[in-house]
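K.L.:
Here it is: the structure, laid out below.
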Amino acid sequence: MTTEKILEVIDLSTYFRTEDGVAKAVDGVSFSINKGETYAIVGESGSGKSVTALSIMQLVAKPSGYINGGNILFKGADLAKSSAVEMREVRGNKISMIFQEPMTALNPVFTVGNQLAEVLSLHRNMKKDEARTYGIEMLDKVGISDPDKRYDEYPFQLSGGMRQRVMIAIALACRPDLLIADEPTTALDVTIQSQILDLIRSLQKEFGMAVLLITHDMGVVRENADRVGVMYGGKIVEDASCKDLFTNPSHPYTQMLMKSLPSRAVRNKALQTIKGMVPQPTEFTHGCRFSNRCPLAIARCYNENPLPEVVGEEHTSSCFLLNKNGLADLSASDWSIQKNAPIPDKKGESCLDVQSLKMHFPIKKGFFKKTVGHVRAVDGLNLEIRKGETLGLVGESGCGKTTVGKCIVGLLKSSGGAIKFDGGDIATLRKAALKKYRRRIQMIFQDPFSSLNPRLRISDIILEGMNVHSIGKDRKDRYDRMHSIMQRVGLDPNMADRYPHEFSGGQRQRIGLARALAVKPDLIVCDEATSSLDVSVQAQILNLLKELQAELGLSYLFISHDLSVVHYLADRVAVMYLGKIVEIGMSNEVIDNPQHPYTKALIAAIPQVDSDNRKRIVLPGDVPSPSTPPLGCSFHPRCALATEECRQKMPMLESVAGESDGRQVACWKV
């Protein structure tokens, strides 16, 4: 790697005019990126990471947003002073950007080819036929199958992973010197995430470009970055090589982020959490921005802003509390003391028994909407959840996890099979008979904002279920219960008259949990309940779920694609692929000793914070369409071990010799 600087950001400040005053989203940020290097910026939501990237690209919304000062030196030219015409030559040509959500970044009314050709025509003066040939070549280079066919398709016809690959193809079409990747894998499965990150690394090496990687996933940082900047409150609070940052984190904020991560080592302990939240950029004080959340803060921290201190070779940290070894010593604070997580008294009695569950959606075509086929989202699934336990349900997007959850809570009417709860088969019940079961089985949704009615106050949202199911003696009793539940999930009861948009993502997830708890459920289906949260907020929610389970004897079906979280929280794990369970067993057995090739690939794709020796297993392609599932084992088109038997016969779940009761695998090779 050379030391030629591609980008140098010097004391950058980007402000926004708001009704509450000037928001200092980026306030004095400095860092540099060398040719061929990957520089990662990490931190919680609201720290200013994305605004930093948008400032470099000069995409800050005007007139409310503006660069207040500083320099953005790209190959010697100051982009902060460049005109709109000059920036059009830079954007997409010399600096490209991959946005966090590809579906909103891609124009839905233009084909993939139109959007690729636009870049090539604008920056490389290619004619239509030439742009098509080169565009198909780029789609092939980023690993899209049938690139000539996909070139003429629209974004909605592609999977999430394929849309992200299209974004990469567009971003790299002109072979830029710098690629900015803003949370490029946040919403993707671990297998697709691994593919995307491998792809970026290989293309980076081929093109010799620099990469600015923005993420809150510390595992992704550990495995992909050369240097790291930790951002908080609009400032870089620590800057170091990736190796130094993970072996010798010096700033209290960095140390606390690291300790908030769920892992095998802390399975029976409560996760460390960071109290409070990132301050609003309109409310920054004169002192250290982290002082109101730091367990070590002294008077000086509240009154003075610390400057970067050198703590090692190319390693700086902005803190007044560094000792002679360049570390802030958290061991002296109460925060560093971990308490054992509460363990519920599991009696082993069945709470929910799902037998041969099917959910087939009809495919209708023609004027008369004739059924021509079915999407087999769930196709003969069996699972059991015991009282007081957490069953983790994992798998890639499109395998049917959420559909299972919706069938269990009654949001979808299953096509076949039984859902036995407390002696009754709720799959056969109609509205009136189903009402009492709806109270006892609740759901927390993946996106808390879209699952909360924006027109209702929080009090109305939480009280609604209690009113429908006649929980409480009277109105006062229900209000008292609502306030008690809000306090239990970490919400101030004085916030009850606010609307959902007035809360952070973590607070909205707590509201969803409070709504579920209000009706005294026995089982809660958690559908990707922590997937979009920062690690610090995620730790708070996971701790809360464990505490409530121990206190109330709740059972959870925890749906996720994050096996690190599942291993920390779940007692048992079921691995799902294309509508079926392919492996199930105790959490430690499945994670530590996976038997099914698909489970092995999922675990191998998890980025590791504490290891550099992860054995990679790259799964080719995406999950097959559930409307046309392959014959035999549904996993065989992507399995390196597949035989002719796998291609012809579907394996059933079989017990694994030498392991606990309930450990089963559906594979001919086991």
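K.L.:
Restricting to region 48-58, name every residue that is part of a helix (DSSP H, G or I) and of a type outside the set (Gly, Ala, Ser). Spell out how you get there, then give the answer.
P.N.:
Taking region 48-58 as the starting set, the residues that turn out to be part of a helix (DSSP H, G or I) are 49-56.
Matches in region 48-58: Lys49, Val51, Thr52, Leu54, Ile56.
K.L.:
Of everything in region 354-374, what is crowded, with 17+ Cβ neighbours inside 10 Å and of a type in the set (A, V, I, L, M)? Give them in sequence order.
P.N.:
The answer is Val354, Leu357, Met359.
K.L.:
For Val9, only one of the following conditions fails: (1) β-branched (Val, Ile, Thr); (2) buried (at least 17 other Cβ atoms within 10 Å of the Cβ); (3) at pLDDT below 95. What is its number?
P.N.:
Looking at each condition in turn, Val9 falls short on (3).
K.L.:
Being within 24 Å of Gly388 (Cβ to Cβ) and of a type in the set (Phe, Trp, Tyr) is true for just one of Tyr568, Tyr577. Which residue is that?
P.N.:
Criteria check complete, one pass: Tyr568.
K.L.:
For region 572-587, what are the residues that are of a type in the set (Lys, Arg) and either over 23 Å from the mean Cα position of the chain (by Cα) or closer than 10 Å to Ser634 by Cα (or both)?
P.N.:
If the condition is that a residue be of a type in the set (Lys, Arg) and either over 23 Å from the mean Cα position of the chain (by Cα) or closer than 10 Å to Ser634 by Cα (or both), then Lys580 is the only one that fits.
K.L.:
In region 142-158, what residues are in contact (Cβ under 8 Å) with a residue 60 or more places away in the chain and surrounded by 18 or more Cβ atoms within 10 Å (Cβ to Cβ)?
P.N.:
Within region 142-158, Val142 is the sole residue that qualifies.
Here is a yes/no grid of residues against (1) under 28 Å from Val266 (Cβ atoms); (2) out of contact with any Pro (no Cβ under 7 Å at 6 or more places or on another chain); (3) not acidic (Asp, Glu):
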position: Arg475; (1), (2), (3): no, yes, yes
position: Ser484; (1), (2), (3): no, yes, yes
position: Met495; (1), (2), (3): no, yes, yes
position: Cys526; (1), (2), (3): yes, yes, yes
position: Gln549; (1), (2), (3): yes, no, yes
position: Leu552; (1), (2), (3): yes, yes, yes
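K.L.:
What is the residue count in region 110-131 for residues that are in contact (Cβ under 8 Å) with a residue 12 or more places away in the chain and surrounded by 16 or more Cβ atoms within 10 Å (Cβ to Cβ)?
P.N.:
Filtering region 110-131 down to residues in contact (Cβ under 8 Å) with a residue 12 or more places away in the chain leaves 110-113, 115-117, 119-120, 122-124, 131.
This time we only want the ones that are surrounded by 16 or more Cβ atoms within 10 Å (Cβ to Cβ), so: 111-113, 115-117, 119-120, 123, 131.
Result for region 110-131: 10.
K.L.:
While we're looking at this one, here's another question. Given the residues Val409, Val378, which is the only one that is touching a residue at least 12 places away in the same chain (Cβ under 8 Å), in contact with a Gly (Cβ under 6 Å, 6 or more places away or on another chain) and of a type in the set (Val, Ile, Thr)? Show your work before the answer.
P.N.:
Working: Val409 fails: in contact with a Gly (Cβ under 6 Å, 6 or more places away or on another chain).
One residue alone meets the criteria, Val378.
K.L.:
Of the residues Gly398, Gly392, only one is surrounded by 14 or more Cβ atoms within 10 Å (Cβ to Cβ) and modelled with pLDDT of 90 or more; which?
P.N.:
Gly392
K.L.:
For residues that are in contact (Cβ under 8 Å) with a residue 40 or more places away in the chain and aliphatic (A, V, I, L, M), scanning just region 62-104, find the one that is farthest from Gly234 (Cα to Cα).
P.N.:
Pass one, region 62-104, residues in contact (Cβ under 8 Å) with a residue 40 or more places away in the chain: 63-75, 80, 92-103.
Narrowing the set further to residues that are aliphatic (A, V, I, L, M) leaves 67, 72-73, 80, 95, 97-98, 103.
Working: Ile67: 13, Ile72: 16, Leu73: 19, Ala80: 18, Ile95: 23, Met97: 21, Ile98: 22, Met103: 28 Å.
Top of the filtered list is Met103.
K.L.:
So, one more: Which of the following residues is within 30 Å of Ala601 (Cα to Cα), in the same structural domain as Arg572 (by TED's automatic domain parsing) and aromatic (Phe, Trp, Tyr): Phe367, Phe361?
P.N.:
Phe361
K.L.:
If you don't mind, another one. Looking at region 268-276, can you tell me whether even one residue there is in the same structural domain as Val9 (by TED's automatic domain parsing) and on the phi > 0 side of the Ramachandran plot?
P.N.:
Looking through region 268-276, none of the residues is in the same structural domain as Val9 (by TED's automatic domain parsing) and on the phi > 0 side of the Ramachandran plot.
K.L.:
OK, next. As an exercise: evaluate Lys128 against (1) of a type outside the set (Asp, Glu); (2) at pLDDT below 90; (3) more than 28 Å from the chain's Cα centre (by Cα) and give the number of the one condition it does not meet.
P.N.:
Of everything listed in (1) of a type outside the set (Asp, Glu); (2) at pLDDT below 90; (3) more than 28 Å from the chain's Cα centre (by Cα), Lys128 misses just condition (2).
K.L.:
Could you tell me which numbered condition Phe421 fails, if it satisfies all but one of (1) surrounded by 20 or more Cβ atoms within 10 Å (Cβ to Cβ); (2) modelled with pLDDT under 90; (3) of a type outside the set (Asp, Glu)?
P.N.:
The one condition Phe421 does not meet is (2).
K.L.:
May I ask you to verify whether Thr18 is farther than 30 Å from His251 by Cα and either surrounded by fewer than 20 Cβ atoms within 10 Å (Cβ to Cβ) or not aromatic (Phe, Trp, Tyr) (or both)?
P.N.:
In short, yes.
Okay, residues lined up against (1) in contact (Cβ under 8 Å) with a residue 60 or more places away in the chain; (2) buried (at least 22 other Cβ atoms within 10 Å of the Cβ):
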| site | (1), (2) |
| --- | --- |
| Tyr479 | no, no |
| His483 | no, no |
| Pro493 | no, no |
| Ala496 | no, no |
| Glu502 | no, no |
| Ile511 | yes, yes |
| Ala518 | no, yes |
| Ser536 | yes, yes |
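K.L.:
Of the residues that make up region 452-474, is at least one under 20 Å from Leu545 (Cβ atoms) and surrounded by fewer than 19 Cβ atoms within 10 Å (Cβ to Cβ)?
P.N.:
Checking region 452-474: not a single residue is under 20 Å from Leu545 (Cβ atoms) and surrounded by fewer than 19 Cβ atoms within 10 Å (Cβ to Cβ).
K.L.:
Can you list residue pairs whose Cβ atoms sit under 6 Å apart, with the first residue in region 237-248 being over 11 Å from Arg227 (Cα atoms) and the second being aromatic (Phe, Trp, Tyr)? Count only pairs 6 or more apart in sequence or on different chains.
P.N.:
Val237/Tyr253
K.L.:
On to the next question. Looking only at helices (runs of 4 or more DSSP H) that fall completely inside region 559-670, which ones have 1 or more residues that are in contact (Cβ under 8 Å) with a residue 40 or more places away in the chain, among the β-branched types (Val, Ile, Thr) and touching a helix residue (DSSP H, G or I) at 6+ places or on another chain (Cβ under 9 Å)?
P.N.:
Because the criterion is at least 1 residues that are in contact (Cβ under 8 Å) with a residue 40 or more places away in the chain, among the β-branched types (Val, Ile, Thr) and touching a helix residue (DSSP H, G or I) at 6+ places or on another chain (Cβ under 9 Å), the helices (runs of 4 or more DSSP H) in region 559-670 that meet it are 563-569, 587-592, 597-604.
K.L.:
Looking for whichever is touching a helix residue (DSSP H, G or I) at 6+ places or on another chain (Cβ under 9 Å) and either closer than 30 Å to Asp140 by Cα or not polar (S, T, N, Q) (or both) here; the options are Asn125, Asn93, Asn114. Which one fits?
P.N.:
The match here is Asn93.
K.L.:
Filter region 297-315 down to the residues that are buried (at least 17 other Cβ atoms within 10 Å of the Cβ), among the hydrophobic types (A, V, I, L, M, F, W, C) and without any contact (Cβ under 8 Å) to a residue 60 or more places away in the chain and list them by number.
P.N.:
Ala297, Cys301
K.L.:
Next question. Does Ser45 count as part of a loop (DSSP other than H, G, I, E, B), under 21 Å from the mean Cα position of the chain (by Cα) and at pLDDT below 95?
P.N.:
yes
K.L.:
Residues in region 490-509: is at least one touching a strand residue (DSSP E or B) at 6+ places or on another chain (Cβ under 7 Å) and on the phi > 0 side of the Ramachandran plot?
P.N.:
No: region 490-509 contains no residue that is touching a strand residue (DSSP E or B) at 6+ places or on another chain (Cβ under 7 Å) and on the phi > 0 side of the Ramachandran plot.
K.L.:
Pull up region 316-327, narrow it to residues that are modelled with pLDDT of 90 or more and surrounded by fewer than 20 Cβ atoms within 10 Å (Cβ to Cβ), then point me to the one that is nearest to Lys243 (Cα to Cα).
P.N.:
Leu322
K.L.:
Condition first: out of contact with any strand residue (DSSP E or B) (no Cβ under 6 Å at 6 or more places or on another chain) and surrounded by 24 or more Cβ atoms within 10 Å (Cβ to Cβ). Now tell me which residues in region 520-532 satisfy that.
P.N.:
Hit for region 520-532 is Thr530, nothing else.
K.L.:
Considering each residue of region 370-392, count those that are within 15 Å of Asp353 (Cβ to Cβ) and within 25 Å of the chain's Cα centre (by Cα), and give that number.
P.N.:
2
The values are calculated or read from the model by the stated rules, or taken from the named source; none is laboratory data. Keep in mind that this is a model prediction, so the values were computed, not measured. Please note: Cβ atoms are built from the backbone with ideal geometry, for glycine as well, and neighbour counts cover all protein chains shown.
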